[in-house]
Amino acid sequence: MNPPLLIGLNLSALAPEAAVEGAQLAEAAGYESVWVGEHVAIVDQPDWWRTFPGAQGDPQFREDMVPFALRAPWLDPMVMLGALSRATSRVRLGVGVYMLALRHPVLVAKTLATLDYLSDGRIDFAVGLGWSPDEYAITGNDWRTRGRRANEALEVLRVLFEAKSPEHHGEFFDFPPLSFEPRPRQRPFPVHIGGGGRAAMQRAVAYGRGWYGSPEAIPELRSLLTESGRGDEDFQFSTITTGGPLTHKTLEDLASRGVHRAVVTPWAGVKSGTVGLDRLDEIEAYAREIGLPPGHDS
């Protein structure tokens, strides 16, 4: 029995030396997509984890409950997607979530357009704000204005990808009419929005073509989409799970709640960047367990 929704693989669980081969195996095993996450750098101090979302306001939360360790080996997601674009041919390639507000959007747009061109239109781009004020501080960005900066950066991506002679004049970014080529192969380009809370949902409705977050948000998101006149549009709901392999019944439950794609972690009890070459066979084993057709062309 085929799974009731699209199945993506959480590549962030893999050690760097296993990531490319893991993506190739996922493609052969029938996964629809592979996804990488990101952190730029984590400040090396004992309480680094206390700003993690699950830790805030929960006195019972412990450092070992964070799904990655302080010294987790985070590869740059854009470089990783470039490598994967040449090592695979069918599977979609996603980054989620990418902290767009840390970067200048014109440079990000050039990278995304290049990736989408070279991958023949296989990129999915999920944007979030992140949870660490330190990553904003060490990259010279203001944590307090991150939401407004992200919104304007998304506007810049849209105009660069869609306008004939793109220009922008805003609070954070300003440029005259530009020649910007090549554009992404995908029109419109698939931007997903991740996060928690109403501000993230409003951002998704204003700038996204999908949601990359908790299924709990789907009812309110559908309501907001309808209110904004987007209720009939093709809007994709994706969620990532890191706690281990999901049963077919759990996948059916997610589908019944409106989830279109589940990004799964087929290894139980692992942290980001720790699954080595010796456990890549579990990618195919999980695909067979949930009924993915081998070599499925997404």
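The values are calculated or read from the model by the stated rules, or taken from the named source; none is laboratory data. This is a predicted model, so every value here is computed, not measured. With ideal geometry, Cβ positions are generated from the backbone for all residues, glycine too; neighbour counts draw on all protein chains shown.
Brief remarks on what is shown
- Residue in the stretch 191-207 that is modelled with the lowest pLDDT, counting only those that are buried (at least 24 other Cβ atoms within 10 Å of the Cβ) and either closer than 22 Å to ALA255 by Cβ or among the charged types (D, E, K, R) (or both): GLY194
- Restricting the stretch 259-274 to residues that are more than 18 Å from the chain's Cα centre (by Cα) and not hydrophobic (A, V, I, L, M, F, W, C) leaves a set whose member that is modelled with the highest pLDDT is THR274.
- Failed item in (1) more than 17 Å from the chain's Cα centre (by Cα); (2) surrounded by 18 or more Cβ atoms within 10 Å (Cβ to Cβ), with ALA28 passing the rest: (2)
- Lone qualifier among SER33, SER89 - being in contact (Cβ under 8 Å) with a residue 60 or more places away in the chain and within 16 Å of the chain's Cα centre (by Cα): SER33
- Unmet criterion (only one of (1) surrounded by fewer than 14 Cβ atoms within 10 Å (Cβ to Cβ); (2) under 14 Å from PRO77 (Cβ atoms)) for VAL20: (1)
- The one condition from (1) free of Cβ contacts under 8 Å to residues at least 40 places away in the same chain; (2) surrounded by 18 or more Cβ atoms within 10 Å (Cβ to Cβ); (3) polar (S, T, N, Q) that THR265 does not meet is (1).
- Scanning the stretch 163-177 for residues that are in contact (Cβ under 8 Å) with a residue 40 or more places away in the chain and either among the polar types (S, T, N, Q) or in a loop (DSSP other than H, G, I, E, B) (or both) returns a single hit, PHE173.
- Filter result for GLN202 (in contact (Cβ under 8 Å) with a residue 24 or more places away in the chain, among the polar types (S, T, N, Q) and under 25 Å from ALA150 (Cα atoms)): no
- Within the option set ILE138, ILE123, being farther than 25 Å from GLY94 by Cα and either touching a residue at least 24 places away in the same chain (Cβ under 8 Å) or touching a His at 6+ places or on another chain (Cβ under 9 Å) (or both) holds for one residue only, ILE138.
- Index of the failed condition, VAL159 passing every other in (1) part of a loop (DSSP other than H, G, I, E, B); (2) under 27 Å from PRO182 (Cα atoms): (1)
- Filter result for ASP134 (surrounded by fewer than 22 Cβ atoms within 10 Å (Cβ to Cβ), over 16 Å from the mean Cα position of the chain (by Cα), in a helix (DSSP H, G or I) and not aromatic (Phe, Trp, Tyr)): yes
- Among the residues making up the stretch 67-85, those that are of a type outside the set (Lys, Arg) and either without any contact (Cβ under 8 Å) to a residue 60 or more places away in the chain or in contact with a Leu (Cβ under 6 Å, 6 or more places away or on another chain) (or both) are LEU70, LEU75, ASP76, PRO77, MET78, VAL79, LEU81, GLY82, LEU84, SER85.
- Subset of the stretch 100-131 that is within 17 Å of the chain's Cα centre (by Cα) and among the charged types (D, E, K, R) - its residue that is farthest from HIS168 (Cα to Cα): ARG122
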